[in-house]
Amino acid sequence: MNGNGIHEKNAVKGIVCPAKQKSCRQRWNIRPSEMSINTLNPIRAIVDGMKLTPNPEKPMIALSIGDPTVFGNLPTDDKVHQAMKNAIDSHKYNGYAPSVGYQKSREVVANFYSCPEAPLEAEDVLLTSGCSQAIDLAITVLCNYGDNILVPCPGFSLYKTLAVSLGIQVKLYNLLPEKSWEIDLQHMESLIDDRTTCLIVNNPSNPCGSVYSKEHLQNILSVASKHCVPILADEIYGDMVFQGCTYQSTASLSSDVPILACGGLAKRWLVPGWRLGWILIHDRNQIFGKEIRRGLVKLSQRILGACTIVQGAIESILNDTPQEFYHRTISFLESNSKICFSELSTVPGLTPVMPSGAMYLMVGIEMEHFPEFQNDVQFTERLVTEQSVFCLPATAFEYPNYFRVVVTVPEEMMVEACTRIREFCQRHYRTCSQDSNELDQ
């Protein structure tokens with residue numbers, strides 16, 4: 001041993017080992033972390049395994065992507081663009097912001113969403129890199145390894161991706177298509193146990209396009225209150241509801257259930273790439289207390305999140321965007337939804353469910369009438385091959401024998417896509433008697 005406490009005989013090609021260490025690592029053995037191994041995006045897992053070869057004689061129509069900017073027909077408002085230009089030209093927002101966001105920007109978001117039933121102050125707002133990071137922080141602050149969360153089925157796949165990578169069990173509660181995708185409250189309640197640390201409520205819904213009534217939200221809150229389970233309210237599509245429907249935030253109806261409401265600019269303002277989201281902390285009874293708030297701040301410091309330039313523009317974006325912009329967007333989405341629902345309602349073997357908001361429509365497939373296909377993945381895969389129309393199979397949302405349609409495409413594309421889907425179904429549809437005859441033969 002030399003004077004530095006190192007066994008010289010353990011030196012291998014310039015590597016020295018502490019005296020207490022029994023052996024040296026003499027070969028490379030780099031392995032991915034358990035978290036990376038356990039991270040799985042169900043949509044990517046399904047889509048990457050599909051054989052998607054479009055018909056070369058028909059231009060591709062992708063009804064699968066939840067990005068309203070893809071086709072260029074839904075631009076954001078000029079006021080929103082100008083707000084960004086002004087923020088850049090001011091040269092005030094080129095540096096780092098606090099991990100939770102600029103104080104002024106948090107005040108603006110708090111004022112925009114505050115209401116008498118659910119008041120907010122700047123301290124109740126954390127700005128994040130999109131709504132996805134908001135959901136990530138909310139799940140991470142509420143749950144430990146081995147806990148479980150309640151997630152809608154069908155539901156946004158990110159919930160499971162985030163939870164499973166952290167060793168959190170996902171329990172799926174059913175939504176009811178015959179009731180416009182309301183929650184099966186009895187089933188949801190039956191899943192709650194001592195390790196349930198979070199109930200995720202997505203309203204309006206991706207992938208269903210459902211909007212819950214005040215009464216239904218109150219019933220959800222009653223279950224959460226009874227079992228003392230906090231709610232993560234994914235409200236990224238908040239206020240994106242069709243004529244005749246009313247959107248109410250979950251927090252505005254809660255008297256005691258603490259809520260982390262997640263939202264952002266992506267969908268309502270049609271700028272998903274700008275990556276500005278937020279968490280609104282609703283905790284009037286101080287059930288979360290200081291610890292959850294402190295935990296959110298600590299987690300936000302792992303990566304400095306929300307884009308500073310967008311933070312600089314947020315006041316003008318929220319306060320100056322004209323109501324006509326919102327109205328025009330919603331009117332377009334509702335019109336396309338009605339076209340799609342009307343067209344596919346008359347297609348044998350399909351059962352579309354009319355949405356009430358957001359930008360999606362779910363379509364049921366009566367698989368017994370399409371015996372060539374084993375499931376919705378094969379059905380949608382062949383739809384691409386023959387008709388160059390890509391709809392996301394709902395197996396990606398853990399809800400087989402449905403597919404999701406994104407209604408943000410130009411109207412003429414929507415009409416053409418429905419025509420092609422009709423042709424496809426007419427070609428492959430079989431009545432039960434046809435199946436029996438073919439088997440007999």
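Say we join alpha carbon atoms closer than 10 Å with springs in a Gaussian network model of the chain; which of 35, 60, 367 then has the biggest fluctuation?
35
Compute the semi-axes of the equivalent ellipsoid of the stretch 308-423, taking the square root of 5 times each eigenvalue of the Cα gyration tensor, and list them largest first in whole Å.
Square roots of five times the eigenvalues give 33, 16, 12 Å.
I'd like the orientation of helix 289-300 relative to the chain: the angle between its Cα long axis and the longest Cα principal axis, in ° from 0 to 90, rounded to 10.
Tilt relative to the chain: about 90 degrees.
Please give the Cα centre distance for the stretch 119-194 versus the stretch 261-329, rounded to the nearest Å.
After rounding, the separation between the Cα centres reads 18 Å.
Sequence gap at least 6, Cα distance under 8 Å: using those rules, report the relative contact order of the stretch 78-320 to the nearest whole percent.
Details: 458 pairs, mean separation 71.7, N = 243.
Relative contact order, the stretch 78-320: 30 percent.
Give the Cα extents of the stretch 80-136 along the principal axes, in whole Å, largest first.
Computed over the Cα atoms, the extents are 38, 25, 18 Å.
Does anyone have the angle between helix 376-387 and the longest principal axis of the chain? Alpha-carbon axes, 0 to 90°, nearest 10?
It is inclined by approximately 60 degrees.
Which aspartates and glutamates have a Cα lying under 13 Å from the Cα of residue 290, excluding residues fewer than 8 positions away in the same chain?
123, 124
Greater than 31 Å separation of Cα atoms is the criterion. Which listed pairs, 179/298; 92/214; 171/298; 214/298; 104/298, meet it?
Listed pairs above 31 Å: 179/298; 92/214; 214/298.
How would you rank 272-281, 415-424, highest first, on the average number of other Cβ atoms within 10 Å across their residues?
272-281, 415-424
Contact order normalised by length for the chain, with contacts defined as Cα pairs under 8 Å and 6 or more residues apart; what percent is it? If you can, show how the numbers build up before the last one.
Numbers: 809 pairs, mean separation 94.0, N = 441.
21 percent.
May I ask what percent, to the nearest 5, of DSSP beta bridges between residues of the chain are antiparallel?
About 60 percent, rounded to the nearest 5.
Counting helices only, and only those DSSP H runs with n ≥ 4, report the 222 nm mean residue ellipticity of the chain as the sum of -39,500 (n - 2.57) divided by its residues, in deg cm²/dmol to the nearest 500.
My calculation for the chain gives -11500 deg cm²/dmol from helical runs alone.
Can you tell me the equivalent ellipsoid semi-axes for the stretch 78-320? Use √(5λ) from the Cα gyration tensor, largest first, whole Å.
Semi-axes (√(5λ), whole Å): 29, 20, 16.
Counting only DSSP beta bridges with both residues in the stretch 78-320, tell me the antiparallel percent, nearest 5.
Details: 13 of 30 bridges.
Looking only at bridges with both residues in the stretch 78-320, the antiparallel portion is about 45 percent.
Angle between the Cα long axis of helix 411-428 and the longest principal axis of the chain, 0 to 90 degrees, nearest 10?
Roughly 70 degrees between the two axes.
In terms of the ratio Rg/(2.2 N^0.38 Å) built on C-alpha atoms, what value belongs to the stretch 161-210?
Normalised Cα radius of gyration, the stretch 161-210: 1.25.
A short reminder: the numbers here are calculations on the coordinates, not readings from a lab. Fair warning: this is a prediction, and the values are worked out from it, not measured in the lab. Every residue, glycine as well, gets a Cβ built from its backbone with ideal geometry; the counts of neighbours run over all protein chains shown.
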